[in-house]
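Chemist: Before I ask anything, let me first share the structure, which is written out below as structure tokens.
Taken together, the values in this text are just the output of simple stated rules run on the coordinates, not laboratory data. From a predicted model like this one, the values you see are computed outputs, not experimental measurements. Reconstructed Cβ throughout: ideal geometry from the backbone, glycine too, with neighbour counts over all protein chains shown.
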């Protein structure tokens, strides 16, 4: 569709239904912004990593449009949605412009590459912005994620294992900052530390968004790197399940053990789990461990009491000794490690780990 002179503002919008310029996922450049016009609830479940949300309809309006569609048909629902949008067209246009920024040829995404994104593309072109419609919408992206994850093969993967609190995640993040594309951070994608306290201070993601971020990370791995690192996890990271293909690779990959003294582990846990609300979220969550394995009611009372008294280090040590460590020992009886790294200081341990990995791969 040819460009039209930019107007002073979006006084009205009457979509013509004419074809709009398409863009496939493979055609989207790094300088193109992706704007998702689905409702906030749809976007929250999953979206293309890096995309922004400027919804045509809010969640309540989307439900209402769906009801009208079922009772009166597509045309009535379409007209109702356009009428709702007309009441806030100026704000909608400004929100779109803000997300477009300096992007060349912004790409507009909806659920299936239908009317929602087509209308917004036409709306933007009518106002001088050369937008394009994502072919197939979010659904085409989701299909690509599923295919990507089902064919995962990583011959150079190593698993970093160790007791709770030894600093595995911190170490991996340090290496990622130094060498982008060498780390797969499952806990980051899940928004969960994979323990009973794991979501404190974090925002867990949906299974679909966990998979989307994982697929993006796999696509972004450094293919020239002699090794890739991932933290040891159970099959589930919080409530998010590791895809079958990656799980098989993880189970077969060589393991490295990270070790640290008890007090250092406790201090790292305290740093990691402290929140703006103090220790109250931890006190409440520990309650779920009553009658659980070796901790028991007395142990929960002790941990809660120590936290209430501001003795967080002592509480962490008690949790490690009576909850986390026994569970790790029980689950790790059959584990074999290539070598162990002591984590006295994260940068030093990271450097040693990288050196040992380079030696291992070269031998």
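Chemist: Taking Cα atoms, how many degrees apart are the long axis of helix 168-178 and the longest axis of the chain, rounded to 10 and kept between 0 and 90?
Modeler: Orientation of helix 168-178: about 60 degrees from the principal axis.
Chemist: Sticking with this one: Once volume of the Cα convex hull per residue in Å³ is worked out from the coordinates, which option in [x] 172; [y] 126; [z] 162 does it equal?
Modeler: Matching the structure shown: [x].
Chemist: What is the stretch 22-146 by shape, rounded, prolate or oblate, if you read a ≥ b ≥ c off the alpha carbon gyration tensor as root eigenvalues and call it rounded for a/c under 1.5, prolate for a/b larger than b/c, and oblate otherwise?
Modeler: In terms of gyration-tensor shape, oblate.
Chemist: Full-extension gain between residue 272 and residue 130, please, as 0.36 nm times their residue separation minus the C-alpha to C-alpha distance.
Modeler: Contour length minus the Cα-Cα distance gives 46.6 nm.
Chemist: I've got another one for you. Would you kindly state how much longer the chain becomes between residue 202 and residue 234 on full extension, computed as 0.36 nm times their sequence separation minus their alpha carbon distance, in nm to one decimal?
Modeler: Taking residue 202 through residue 234 to full extension adds about 9.6 nm, to one decimal.
Chemist: Label-point separation (nm) for residue 298 and residue 216, each offset 7 Å from Cα along Cα-to-Cβ?
Modeler: Placing both labels 7 Å beyond Cα along the Cβ direction yields 4.9 nm.
Chemist: Let me ask something else about it. State the extension gain, in nm to one decimal, for the chain segment bounded by residue 284 and residue 29, taking 0.36 nm per residue of separation less the distance between their alpha-carbons.
Modeler: 87.2 nm
Chemist: Tell me the angle of helix 74-86 to the major Cα principal axis of the chain, expressed in degrees between 0 and 90 and rounded to the nearest ten.
Modeler: It is inclined by approximately 80 degrees.
Chemist: Within the P(r) computed for the stretch 152-362, what percentage of the Cα pairs occupies the region above 32 Å?
Modeler: Cα-Cα pairs in the stretch 152-362 separated by more than 32 Å: 17 percent.
Chemist: In whole angstrom, note down how far apart the Cα centers of the stretch 284-363 and the stretch 216-259 are.
Modeler: Between the Cα centres of the stretch 284-363 and the stretch 216-259 lies a distance of 20 Å.
Chemist: For the chain, take the longest principal axis of its alpha carbons; what is the angle in degrees between that and the long axis of helix 207-219, to the nearest 10 within 0 to 90?
Modeler: 80
Chemist: Using only the alpha-carbon atoms of the stretch 106-220, report the extent along each of the three principal axes, biggest first, to the nearest angstrom.
Modeler: Sorted from largest, the Cα extents of the stretch 106-220 read 58, 34, 26 Å.
Chemist: Ignoring everything except DSSP H segments at least 4 long, calculate the 222 nm mean residue ellipticity for the chain; use -39,500 (n - 2.57) per segment, divide by total residues, nearest 500.
Modeler: -14000 deg cm²/dmol
Chemist: Let's test the formula: R0 of 56 Å, r as the Cβ-Cβ distance of residue 354 and residue 95. What FRET efficiency results, to the nearest 0.05?
Modeler: About 0.80, to the nearest 0.05.
Chemist: Same structure, new question: If you take the C-alpha gyration tensor of the stretch 289-363, multiply each eigenvalue by 5 and take the square root, what semi-axes do you get, largest first, in whole Å?
Modeler: Semi-axes (√(5λ), whole Å): 35, 18, 6.
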